[in-house]
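Asks: Could you have a look at this structure, given as structure tokens, before my questions?
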Amino acid sequence: MTDETADGPGYAIAEDGSFTAPLTLAYPYSRTVGPTYGTFLTGLAAGTVKATVSADGTVFVPPAEFHAVTGEALTNWVDVASEGEVVSWSWEATPGDAQPFNRPFAWVLVKLDGADTSMLHALDVTDPAEVTTGMRVRVRFAPDAEPGIEAIACFEPVTTGGAS
């Protein structure tokens, strides 16, 4: 059974009672990022991944403004590698309009070399068989990028013995 409303596609209830409905998630606004994320995003535009470091030596990428456990303000910075390891991943079979690719790809959590935390971004692969937890990946920086997360075009697999 399907219910179509005058406002557009409606919901669907399958024979087994499961329910599906369309969902559009959007953030149609701009915001300022402040000094912590500003430093991180400006670094990305310059081709550098910057991280904050706590007194106990924990390296945060993306940077944290405060330590979640101690409340310590994190004002010390280091550069970390633009290469790392996939910690977890998910397959995006039907990307939406605002996705990084207009074809299927993987979302990956990557722990960059030198970091203790992971960051989420897209991985440029075309089949889920190309992704594994533990695989090596590197940042592909966007050419002539402005400061912003879009300065990372995506991650790409690292192959042994040369170019990927």
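No value in this document is a laboratory result; all are computed from the given coordinates. Since this is a predicted model, take the numbers as computed values, not measurements. Counting neighbours? That spans all protein chains shown, and the Cβs are built from the backbone with ideal geometry, glycine included.
Asks: Working only within region 118-164, note down all residues that are in contact (Cβ under 8 Å) with a residue 60 or more places away in the chain, assigned to a loop (DSSP other than H, G, I, E, B) and out of contact with any helix residue (DSSP H, G or I) (no Cβ under 7 Å at 6 or more places or on another chain).
Replies: Selection gives Val158 alone.
Asks: Further question: Return the residues of region 84-120 that are among the acidic types (Asp, Glu) and buried (at least 17 other Cβ atoms within 10 Å of the Cβ); say none if nothing qualifies.
Replies: Step one: of region 84-120, the residues among the acidic types (Asp, Glu) are 85, 92, 97, 113, 116.
Listed by number, the residues that qualify are Glu85, Glu92.
Asks: Let me ask something additional. Quick check on region 46-77: of everything there that is exposed (fewer than 14 other Cβ atoms within 10 Å of the Cβ) and aliphatic (A, V, I, L, M), which residue is nearest to Asp127 (Cα to Cα)?
Replies: Among those that are exposed (fewer than 14 other Cβ atoms within 10 Å of the Cβ) and aliphatic (A, V, I, L, M), it is Ala46.
Asks: Among the residues in region 107-115, are any touching a Phe, Trp or Tyr at 6+ places or on another chain (Cβ under 9 Å), touching a residue at least 24 places away in the same chain (Cβ under 8 Å) and either part of a strand (DSSP E or B) or not aliphatic (A, V, I, L, M) (or both)?
Replies: From region 107-115, those touching a Phe, Trp or Tyr at 6+ places or on another chain (Cβ under 9 Å) are 107-110, 115; that's our starting set.
Within this subset, residues satisfying the condition of being touching a residue at least 24 places away in the same chain (Cβ under 8 Å) are 108, 110, 115.
Narrowing further to those that are either part of a strand (DSSP E or B) or not aliphatic (A, V, I, L, M) (or both): 108, 110.
Yes, region 107-115 has at least one match.
Asks: Could I ask something else about it? Pick from Ser90, Ser82: which is touching a residue at least 12 places away in the same chain (Cβ under 8 Å), small (Gly, Ala, Ser) and closer than 27 Å to Thr24 by Cβ?
Replies: Numbers: Ser82 fails: closer than 27 Å to Thr24 by Cβ.
Result: Ser90 is the single residue among Ser90, Ser82 that is touching a residue at least 12 places away in the same chain (Cβ under 8 Å), small (Gly, Ala, Ser) and closer than 27 Å to Thr24 by Cβ.
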